[in-house]
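A.B. asks: Here you go, one structure.
The values are calculated or read from the model by the stated rules, or taken from the named source; none is laboratory data. Because the structure is a prediction, the values reported are computed rather than measured. We place every Cβ from the backbone using ideal geometry, glycine too, and count neighbours over all the protein chains shown.
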Amino acid sequence: MLPDIENLLRLQEADKEIRRLQDEIAELPKRVAAIEQKLAGTKAQLEKAQASVKADEAARRKYETSIQDLRGKISKYRDQSLDVKTNDQYKALLHEIQFAEKEIGAAEDKILELMLNTDTREKEVKAAQAELKAETAEIEKEKADAHDRTAEDEKQLKEWRGKRDQMRAGIDADLLRHYERVSKFRGTGISEAFDHKCMACQVMLRPQTYNEVRTGQHAVVCDSCQRILYFNPAHELAANKPAAPRPRRHHPKMDAKQAWYYRAEFGEAGEVYLCFIKDHGQSSRRVYDIHNGRQIGDILVRGGEYHIAFPEDLADAIRLNGSWEEKELEAWGSELPMVVLDALLADLEAARAEASAGSHAKPPTVPTQQAAS
């Protein structure tokens, strides 16, 4: 293998790690905003409980003031009744006294009702205060952890950028420019040539091109995706070894909370993995590029079981084994780790082999013409 190719492979690994760190650092404001939004909801709940207590206190004072005013009127009417000259005047004052006493009774009933609600309101306030205190401590820890993680990422990013600058110095300038130009648009600038294909875009190589890559005398690029090609003889030797008996494939449960599928064609994205998660009457869908593990588009959520919510996505799809915690998916962010991609690919190959053995037909083939990411 040419020294420049070896250096480019190391450079590509550095670039991938730099992108991962940059993405993780860029996620910090979103993580902090989500944390603060959670705390804001608890604060709003406390403020609502406190406002209810204040409203009840204000209403109680209003009724107490009204009772004092009504008692003052009753006292006034009784004093006036001593000086009346006619029976009609006395009856009128007596009617006013009775009406005022009735209003006092109604106000006292309201005060009693408010007093009965006081205990409930105070319990709500105390519960909200305790929840806010506990949540504030937890959230402050989460924010501190997020900032610490970002500080560590920034430190590592600085180190990787320093390593990258050193790697670039050892690569032919023209080859380096080509690699960086393709990486900018494709995400990667170098790809392995294996089994007469470019493993990044899955397009078959011309025999002459494949032989030139195998000889390793000069740099060769893929005619389809323009990535720089390299050949690893160890992979070819491993592929030519007699295949060991394949263990019987485990079939995923149909009612599992999480389901993974493979689609050979998914719009302009080409080959993808689909991840469906059921949760409280809803289903979410994530889409990942099969080659680099990057998430395509946003997470889509619909009501109902996933096979009812996303029937159009399951056409011609192959069910795969795969189950990871949702918090792991969140931690991976916008790119699946290589260990997950390897596990899904291994199960996809097992599913194809199983289908071939069962039908005595040629297993599904990977489309050769695919838009490279």
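A.B. asks: Can you name the residue in region 298-316 that is part of a loop (DSSP other than H, G, I, E, B) and under 21 Å from the mean Cα position of the chain (by Cα) and, of all such residues, is nearest to ILE277 (Cα to Cα)?
C.D. replies: In this case the residue turns out to be GLU305.
A.B. asks: What about ILE290, is it within 15 Å of TRP260 (Cβ to Cβ), aliphatic (A, V, I, L, M) and either modelled with pLDDT under 95 or not assigned by TED's automatic domain parsing to the domain that holds VAL203 (or both)?
C.D. replies: Here the answer is yes, as ILE290 does meet what is asked.
Residues are listed down the side, and each one gets a yes or a no for (1) outside any loop (DSSP other than H, G, I, E, B); (2) at pLDDT 80 or above; (3) buried (at least 19 other Cβ atoms within 10 Å of the Cβ):
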{"site": "ASP223", "(1), (2), (3)": "no, yes, no"}
{"site": "LEU229", "(1), (2), (3)": "yes, yes, yes"}
{"site": "ALA238", "(1), (2), (3)": "yes, no, no"}
{"site": "ALA244", "(1), (2), (3)": "no, no, no"}
{"site": "HIS250", "(1), (2), (3)": "no, yes, no"}
{"site": "ALA256", "(1), (2), (3)": "no, yes, no"}
{"site": "ALA259", "(1), (2), (3)": "yes, yes, yes"}
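A.B. asks: Quick check on my filter: what residues within region 261-282 are outside any loop (DSSP other than H, G, I, E, B) and closer than 18 Å to LYS327 by Cβ?
C.D. replies: Result: CYS275, PHE276, ILE277, LYS278, ASP279, GLN282.
A.B. asks: Any residue that is part of a strand (DSSP E or B), aliphatic (A, V, I, L, M) and outside the structural domain of LEU341 (by TED's automatic domain parsing) - is there at least one of those in region 186-196?
C.D. replies: Yes, that holds for at least one residue.
A.B. asks: From the list LYS143, LYS126, pick out the single residue that is loosely packed, with under 13 Cβ neighbours inside 10 Å and either more than 30 Å from GLN22 (Cα to Cα) or touching a residue at least 24 places away in the same chain (Cβ under 8 Å) (or both).
C.D. replies: None of the others qualify; the one that does is LYS126.
A.B. asks: From the list LEU300, LEU329, LEU336, LEU341, exactly one residue is modelled with pLDDT of 85 or more, farther than 29 Å from LEU205 by Cβ and crowded, with 17+ Cβ neighbours inside 10 Å. Which is it?
C.D. replies: Answer to the check: LEU329.
A.B. asks: Restricting attention to region 317-356, which residues are under 19 Å from ARG285 (Cβ atoms), of a type outside the set (A, V, I, L, M, F, W, C) and assigned to a loop (DSSP other than H, G, I, E, B)?
C.D. replies: Correct list: ASN321, GLY322, SER323, GLU325, GLY333, SER334.
A.B. asks: From (1) in contact (Cβ under 8 Å) with a residue 60 or more places away in the chain; (2) buried (at least 18 other Cβ atoms within 10 Å of the Cβ), pick out the condition that doesn't hold for GLY170.
C.D. replies: (2)
A.B. asks: Further question: Confirm whether CYS198 is of a type in the set (A, V, I, L, M, F, W, C) and under 18 Å from LEU341 (Cβ atoms).
C.D. replies: Judged against the criteria, CYS198 is a match.
So that you can scan it fast, the table gives a plain yes or no per residue for (1) exposed (fewer than 13 other Cβ atoms within 10 Å of the Cβ); (2) free of Cβ contacts under 8 Å to residues at least 12 places away in the same chain; (3) closer than 30 Å to LYS141 by Cα:
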| site | (1), (2), (3) |
| --- | --- |
| MET1 | yes, no, no |
| LEU9 | no, no, no |
| TYR63 | no, no, no |
| ASP83 | yes, yes, no |
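A.B. asks: Something else: Does region 52-105 hold any residues that are of a type in the set (A, V, I, L, M) and not in a helix (DSSP H, G or I), and which are they?
C.D. replies: Matches in region 52-105: LEU82, VAL84.
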